[in-house]
Structures are given as structure tokens and as C-alpha cells.
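Reading through the C-alpha cells given below for one structure.
The values are calculated or read from the model by the stated rules, or taken from the named source; none is laboratory data. Every value quoted in this text rests on a predicted model; they were computed, and no experiment measured them. Note: ideal-geometry Cβ built from the backbone for every residue, glycine included; neighbour counts use all protein chains shown. Protein only, heavy atoms only, side chains kept; ligands, DNA and RNA dropped before computing areas. Shrake-Rupley method; radii C 1.70, N 1.55, O 1.52, S 1.80 Å.
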Amino acid sequence: LLYRPVDVIEIGLAYSEQANIRSKGHTAAALGSGLPALGGVQEELRPADVPECESGGEIGRLKTCLDFNLPRTASVGARYIVKGTDGKERGDIEIDAKWEDWSNASDFRIVVDGQSSTLGVRLRESIVGHGLKDVFSFRVGGSYSFPVGPGKIIVRAGVAYDTEAADVEWNRLDLD
């Protein structure tokens, strides 16, 4: 939404709903080499009899689902437009705030449709927690243009502050 109560003031609102990503693929799952053979039969992971993710797959290439969410967001901003004597825009001053709902998009769910070849026990789903929390962002900035010959020079400046998405003990490399 963009609202202009007067010619030099703009107020904007934006919202995006959470996106639920449900992906499917394959995993190369293998058991450790120290696992003893039971009754002379070497254990291996085979496709699950009753798949939760997707049917198919083969030994060494099991069907896998990765579910995660991208957060919903909301932002609001206001802009004051500076006009020159000719009535054209020369610059502006802007302030913005944004919220990102990472606390509801923190964990990944992984399902590998595999089971033990001797006991028939399914692999359990994995929840990969990221300890994410909501992020708040604040920005203030502006610009101004100076006519120079046939063109212009635009000077811009601003400051921003964002809260952290996770506490230091949750820092990791699997999520940007």
C-alpha cells in the first residue's frame, strides 16, 4: 500500500505471508562400517515399505523430503520529498521499520524414506533447529541531488539497525 496524504509525503505498508517450502529429492544414506552382520546378513538401508515422503527410491538413493518455511514480514515506511524551485524532486528523507517472523520459520524437517533391511525399523524424521527469533530492522536515510552541467550528482546517506536472528550459541553455517 502507498498513501500520499499531500504531494511531498508518502507512507507505505508492505506485508508478505509465510512461504512453506516442501521439497523432494534423494539422499545417499549409509550405515557405519563398524555395524556387525546379524546372522551373517549385512544390514543396509532400503526404501521404506510405507513411505511418508514419496514412494520409490533404491538402496543408496533413498527418497527424501526437506520442509522449511520462509518467514512472513511486515514493513512500514514514510518519506518526505524535498522539491526544488522548479517543483521537481531534489531529494528525500525516509524512515522505515520491518519485522521478520523467523521464530515461526526456525526449524527444518527432514524425512528420509528408508528402513532397516533386517529389522524393518524406519529412519526417524530429523528436526534441525536453528534457534531463530524475530528480526526487527530500522532505517533512516536520505538523498539530495545537485545540478552539475547537463547532469546531476546525487548524495545519499543513511543508518540502519537490525536485531540478530539468532543468539551467538546458535551461529552455524547451514543457513544464511
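For the stretch 92-176, how big is Rg over Rh, using alpha carbon atoms and the Kirkwood form of Rh?
Details: Rg = 23.6 Å, Rh = 17.5 Å.
With Rh from the inverse mean 1/r over Cα pairs, Rg/Rh is 1.35.
Pairs of Lys residues in the stretch 71-176, spaced 8 or more positions apart or belonging to different chains, with C-alpha separations under 28 angstrom: 4 in total. Computed from the alpha carbon atoms alone, the convex hull of the chain holds 190 Å³ per residue. Expressed as a whole number of Å, what is the distance separating the alpha-carbon centroids of the stretch 35-106 and the stretch 117-138? The two parts, judged by their Cα centres, are 13 Å apart.
Across the chain, C-alpha contacts under 8 Å between residues 6 or more apart give a mean separation that, scaled by the residue count, equals a relative contact order of 20 percent. Check each of the trypsin sites (Lys or Arg not before Pro) in the stretch 101-142 and keep only those in coil by DSSP with at most 11 other C-beta atoms within 10 angstrom; list them in order. Sites meeting the loop and neighbour criteria: 124.
Evaluated over the Cα positions of the stretch 48-141, the convex hull gives a direction-averaged projected area, one quarter of its surface, of 10.1 nm².
Accessible surface for the chain, divided over its residues, is 67 Å² per residue with a 1.4 Å probe. The relative contact order of the stretch 116-176 comes to 34 percent, based on Cα pairs under 8 Å that sit 6 or more residues apart.
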